[in-house]
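Participant: Got a structure here, written out as structure tokens. Questions coming.
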Amino acid sequence: MHGEETMTVCNRNADMIRTVLTLFACLSITICPQISLAEFAQNTPESSVGRAPSGAPRINLDTRAIDASAFSGVSGLSETTQKHLAVSWKELLPPLTSLETPFASLSAPQLEAMRTHVRWQTSSAHKRSDETFIAEHDAATALLAKHKIDVENLMRERRKIIAQNNVNGRGPNPHILGKTIMIPGYIVPLTLEGGMVTEFLLVPVAGSCVHTPSPPPNQIIHVAYSKGVEFRSIFDAFWVEGEINAQERLSDVSFYDGAAIVVSNYSLDARAVLQFDG
């Protein structure tokens, strides 16, 4: 029962997030064509700082730049590690490109009329019974009709742009490919033998893909490590060193109540996987 209750709460939280994002997209016409999953990922809350159940310190995996001096607290790294690129998860996101907006030719009053149209379309029946709102909507509709603005076509084009930005925002960052990096993260084991993990997903938040909805594909790295690393808890943080490349992978991830396919956009053959010493 406890597992079912936990999943119910997680599902409700996910539904709430989707509702808020949908509403935000509807109310911000001139901005939303540039909104993507990548931007949402950039604003995810910082993971908690403290200690994991195993006693290991939890790394603060926020989107700020990672200071290479942090490696001084990690034992066993190669002598060339300081020359490698220390990256944050934000740097795995692709640069956002502004696609042509269908509203570029609209004047300020016309844009405001379009906002009113969207608010009307997304409002409840109770809200649409408000006389002030009715008058506002009627005035907006009249203005758009006067200037022969094809409202429905504009909305269709807007939806296409948002969809394209979401696709682009889930892809890899081409500027980081082929570079040897150091990145901190949490392990989601894929191949586990005798307590040693040789294949895993590296994620920015403890429990991702297992206890929470999966991050976007460009916030997941598929890691192969032939030496294997001792695995005790999904809450233990690790440094991973190796060359990062673009490769879409579908991985079977086991949940406590089932399994699912998780998509990752990066691959990395690790040279070193070391637990964070603090």
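Participant: Using a Förster distance of 45 Å, how high is the FRET efficiency between Glu193 and Ser124, based on the Cβ-Cβ distance and rounded to 0.05?
Facilitator: With R0 = 45 Å, the Cβ-Cβ based efficiency is 0.25.
Participant: If you take the beta carbon distance between Asn168 and Ala145 as r and set R0 to 45 Å, what does 1/(1 + (r/R0)^6) give as a FRET efficiency, to the nearest 0.05?
Facilitator: 0.85
Participant: Express in whole angstrom the spacing between the alpha-carbon centres of the range 194-239 and the range 122-148.
Facilitator: Value for the Cα centre distance between the two parts: 51 Å.
Participant: Take the alpha carbon gyration tensor of the range 174-247, find the square roots of its eigenvalues, order them as a ≥ b ≥ c, and report rounded if a/c is under 1.5; if not, report prolate when a/b exceeds b/c, else oblate.
Facilitator: On the way: a/c = 1.91, a/b = 1.24, b/c = 1.54.
Oblate, since a/c reaches 1.5 and b/c is not below a/b.
Participant: Among the lysines, which fall within straight-line cross-link reach of Lys90, defined as a Cα-Cα distance under 30 Å, with same-chain neighbours fewer than 8 residues apart omitted?
Facilitator: Lys160, Lys179, Lys227
Participant: Right, another one. Using a/c under 1.5 as the rounded threshold, could you call the range 107-183 rounded, prolate or oblate? The axes a ≥ b ≥ c are square roots of the C-alpha gyration tensor eigenvalues, and prolate needs a/b larger than b/c, oblate otherwise.
Facilitator: Prolate.
Participant: Let me ask something else. Indicate the gyration tensor shape class of the range 130-278 (rounded, prolate or oblate), computed on the Cα atoms with a ≥ b ≥ c the square roots of the eigenvalues: a/c under 1.5 is rounded; otherwise a/b larger than b/c is prolate and the rest oblate.
Facilitator: Prolate, because a/c is 1.5 or more and a/b exceeds b/c.
Participant: Would you mind calculating the gained length between Ser88 and Thr180 on full extension (0.36 nm times residue separation, minus the Cα-Cα distance), in nm to one decimal?
Facilitator: Length gained between Ser88 and Thr180: 31.8 nm.
Participant: Still on this structure, I have one more. For a protection proxy built on the mean count of beta-carbon atoms within 10 angstrom, sort 154-162, 189-197 highest first, please.
Facilitator: 154-162, 189-197
Participant: Set the Förster distance to 45 Å, then compute FRET efficiency between Ala108 and Ser226 from the Cβ-Cβ distance, nearest 0.05.
Facilitator: 0.15
Participant: Report in % the part of the accessible area of the range 214-278 that belongs to carbon and sulfur, leaving out ligands and nucleic acids; probe 1.4 Å.
Facilitator: 45 percent
The values are calculated or read from the model by the stated rules, or taken from the named source; none is laboratory data. None of the values given here were measured: they were computed from a predicted structure. Every residue, glycine as well, gets a Cβ built from its backbone with ideal geometry; the counts of neighbours run over all protein chains shown. Remember, those area values only see protein heavy atoms, side chains included, never the ligands or the DNA or RNA. Shrake-Rupley method; radii C 1.70, N 1.55, O 1.52, S 1.80 Å.
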